[in-house]
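For reference, the structure discussed in these notes is given below.
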Amino acid sequence: MDNSSPLSAGHLLVNELEAHGVQRSYLVPGESYLDVLDGLHDSTITPIVCRQEGGAGYMAVAEGRMTGVPGIAMVTRGPGASNVMVSIHTAYQDATPLVVFVGLIPIAQRGRESFQEFDVNGWFSTTTKKVLTLDDPDKAAEVVTDAMHTAVTGRPGPVVVGLPEEILAKASSGTALPPRTHGSAAPYAGDVTELRARILQADRPVLIIGGEDWSPATSRRIAQWSRDRGLGVIGTFRAYDGVDHDSPNFLGILGFGASEVAKKTFDEADLHIFLGCVRTDVATNGFTIGTDVKTVVIGPDADAHGHFGSLDQHIVTPVNRFAQALFTEDGARAYSVSSDGSIDEPAAGDEHLTGNDEPVPLPEWIRDARAELDEWRVPITGGPTSAGDASFVDMDEAFVHVRELLPDNAIITYGAGNFSGWATRFLPTHGFPSALGPRNGSMGFGLPAAVAAGLVHPERAVFCIAGDGDFLMNGQELATAAQYGVNLTVVVNDNSVYGTILGHQDREYPGRATGTALRSPDFAALATAFGGLGLTVERTEDFREAFEKALAHEGPALVRCLTDPAIRGARV
Ligand SMILES: Cc1ncc(C[n+]2csc(CCOP(=O)(O)OP(=O)(O)O)c2C)c(N)n1
């Protein structure tokens, strides 16, 4: 865009987003922010027009998680602002950088219960890092810069920027500002040495990975370091893609649906090193396992927000920066460092150690745990596909095919429900970013996240697993996928119930299932109507062919699997 002044505040806002490297804005338009839309007309930023603000917000969350640059959503006042809230809660609990621009009524009309008026601070202040309002057109660039900075620094999270309608159209005396440098804490001299000593003293040191601020290079580096130091690695709930699951010391995932071996590894550890995450209720099965262990937390947040229990060493630094410090301080294997600071694969003949410690052979407890995990990750097939006589699709067996056919570079997405367990249990991931799931357990995340994944990484396969409940929370975004030609494959576990909640009812109120039955539409017909490929599978033996077709399809494809409501997840 032309940078000459005077620009309107709305146009300057768009210029400033460009200056921050923003590539896409996920939006549902509104008359409250027309001047920003007009600014996008001639911008390098692609507007991704979505069908519901919840979908737009989730796409922005997914983009923020994949790229580390705040995802951008734009929505209108009252109704749009309410719809987008779900993604703000997700970004807040998941610590994902997100900036949501919300159109507001004109300033002169405030406090009169004007059309679509709402209190932007009242609504969002408890669930964001900051709420800003652009009341002065001259401050447009400054406000955007502040929002983008706040969203990524320290513990990342969402920022909301309120945009009074008339301010956007006013001439601004400002010009686009350079993005702020992000100050990030570095490990203190001696931090890594102290950590190394703790690891050497421990019998069962376990590295728990999670959070944001990973990169493909960091992912490789941490995998190498953890293996060289003899650390068991476990992933946190829905943020487990920091380390390639093929690493021999990767021992599973914590949280709902965790394997016994991951829980045991966590519980029996004598040193917890949390990297990019903290000890939470979900990781500890509601504070019942692994609660009394020597603890190191490594991450950008000086508050260790959400951490439970002891804390013996706290290295306040982002994950990427920690990985770099290992390069210089811990004598981990040498990697070539590019001029932009990223770390590449070791060059040929470069795999020497720069420090004193030889890599340790993998301890027996890690090898044993890994063997147990490998066994658990093989689906048990051949059992009945239903509790009664009817024949349904056996999802355990279906996932044998998914695992075989899905390319290694796939990005896997899902929302909330038991169905996600098939992906987390049976689909190993191969480095960051390759899994997108809501850590706040929010249904409807999977499809919009898949749309964003397909837009950010068109060169990769994108696979979404959904439940029939979960899918329809944002199924409308199939239209967005079709509109932008996004390649993605969705498998819907169509079991005609909100199965997860029915499971809770069965345990706690047996025989009194209420409010959990579903009568779903024909999802395959729905996908076709949206301009994608829709296939229905009623018998297990037909799954592979359908899935192959769906994977090969250009554009969105959906495989609807009819499954038994009485079967709530993978066989154990
Ligand atoms: C937005 C939202 N609403 C409600 C819930 C509560 N909830 C958790 S799982 C679930 C059922 C999911 O049903 P479905 O997608 O059909 O998957 P299934 O459990 O049958 O595998 C519900 C209602 C939630 N987590 N998020």
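I need to check one value: relative contact order of the chain, counting alpha carbon pairs closer than 8 Å and at least 6 residues apart, in percent. Write down the numbers at each step before the final one.
On the way: 1326 pairs, mean separation 69.6, N = 572.
Contact order relative to length: 12 percent.
Between Ile107 and Thr193, residue separation times 0.36 nm minus the direct Cα-Cα distance comes to 25.4 nm.
Note that segment 199-208 has calculated 3J(HN,Hα) couplings of 5, 5, 6, 7, 8, 9, x, 10, 9, 10 Hz, one per residue in order, obtained from phi through the Karplus relation 6.51 cos²θ - 1.76 cosθ + 1.60 (θ = phi - 60°); glycine and proline are x. Shown in residue order for segment 558-572 are the 3J(HN,Hα) couplings computed by the Karplus curve 6.51 cos²θ - 1.76 cosθ + 1.60 at θ = phi - 60°: 9, 10, 8, 9, 7, 10, 7, x, 7, 9, 9, x, 5, 5, 10 Hz (x for Gly and Pro). Helical content alone sets the calculated 222 nm signal of the chain at -10500 deg cm²/dmol, taking -39,500 (n - 2.57) per DSSP H segment of four or more residues and averaging over every residue. If you sort Trp225, Trp365 by accessible surface, 1.4 Å probe, largest first, the order is Trp365, Trp225.
At R0 = 60 Å, how high is the FRET efficiency between Glu541 and His41 if r is their beta carbon distance? Nearest 0.05 is fine. Kindly include the intermediate steps, with their values, before the conclusion.
Details: r = 52 Å, r/R0 = 0.86.
The formula returns an efficiency of 0.70 here.
Can you tell me the length gained on complete extension of the stretch Ala566 to Glu375, counting 0.36 nm per residue apart and subtracting the Cα distance? Working shown, then result.
Details: separation 191, 0.36 × 191 = 68.76 nm, distance 2.49 nm.
My answer for the length gained is 66.3 nm.
Length gained on full extension, Glu260 to Ala169, computed as 0.36 nm times the residue gap minus the Cα-Cα distance: 26.9 nm. For the chain, the dipole from Cβ point charges (+1 on Lys and Arg, -1 on Asp and Glu) about the Cα centre works out to 680 debye, to the nearest 20. For segment 1-154, the square roots of the Cα gyration tensor eigenvalues, ordered a ≥ b ≥ c, give a/c below 1.5, which places it in the rounded category. For the chain, the Stokes-Einstein estimate of translational diffusion at 20 °C and a viscosity of 1.002 mPa s comes to 87 µm²/s, using the Kirkwood hydrodynamic radius over alpha-carbon pairs.
Based on the convex hull around the alpha carbon atoms, segment 417-532 presents an average projected area of 7.9 nm².
Going highest first, how would you order 70-77, 232-239, 395-402 by mean Cβ packing within 10 Å?
Values: 70-77: 29.2, 232-239: 25.9, 395-402: 22.4.
In descending order of packing, they fall as 70-77, 232-239, 395-402.
The alpha-carbon of Lys130 sits under 13 angstrom from the alpha-carbons of these aspartates and glutamates, leaving out residues fewer than 8 places away in its chain: Asp146. For the residues Ile48, Ile107, a 1.4 Å probe over the protein chains yields an accessible-area ranking, largest first, of Ile107, Ile48. Amide H contacts of Ser172 (H built 1.01 Å from N, in plane; Pro and chain starts excluded): Leu7, Ser8, Ala9 sit under 5 Å, all sequence-distant by 5 or more or on other chains. Here r is the Cβ-Cβ distance between Asp506 and Glu268 and R0 is 30 Å; the resulting FRET efficiency, rounded to 0.05, is 0.45. Take every Cα pair under 8 Å whose residues are at least 6 apart in sequence, average their separation, divide by the length of segment 9-168, and the relative contact order is 26 percent.
About its Cα centre, how strong a charge dipole does segment 393-551 have in debye, to the nearest 20, once Lys and Arg get +1 and Asp and Glu get -1 at the Cβ? Numbers along the way, then the final one.
Working: 10 positive and 18 negative charges, 93 e Å.
That gives a dipole near 440 debye.
Cross-link partners for Lys129 among the lysines, with Cα-Cα distance under 16 Å and sequence neighbours closer than 8 places in the same chain left out, do not exist in this structure. Is the shape of segment 505-546 best called rounded, prolate or oblate, per the rule: a/c under 1.5 gives rounded, else a/b larger than b/c gives prolate, else oblate, with a ≥ b ≥ c the square roots of the Cα gyration tensor eigenvalues? It is oblate, given that a/c is not under 1.5 and a/b is not larger than b/c.
When the chain is described by a simple charge dipole with +1 on each Lys and Arg Cβ and -1 on each Asp and Glu Cβ, the residue from Ala525, Leu168, Ser82 located farthest towards its positive end is Ser82.
Can you give me the % of accessible surface on the chain that is carbon or sulfur? Probe 1.4 Å, all protein chains present, nothing else counted.
Values: 11210 of 22130 Å².
About 51 percent, which is the carbon plus sulfur part of the accessible surface.
Sequence-distant contacts, meaning Cα pairs under 8 Å at least 6 residues apart, place the relative contact order of segment 378-562 at 22 percent. What the phi angles of segment 262-275 give under the Karplus curve with 6.51, -1.76 and 1.60, with θ = phi - 60°, is a coupling list of 5, 5, 5, 4, 5, 6, 8, 5, 10, 8, 9, 10, 8, 10 Hz, glycine and proline written as x.
The values are calculated or read from the model by the stated rules, or taken from the named source; none is laboratory data. Because the structure is a prediction, the values reported are computed rather than measured. Cβ: placed from backbone, ideal geometry, glycine included. Neighbour counts: every protein chain shown. Quick note on the areas: whole protein, heavy atoms, side chains included, nothing else; ligands and nucleic acids left out. Shrake-Rupley method; radii C 1.70, N 1.55, O 1.52, S 1.80 Å.
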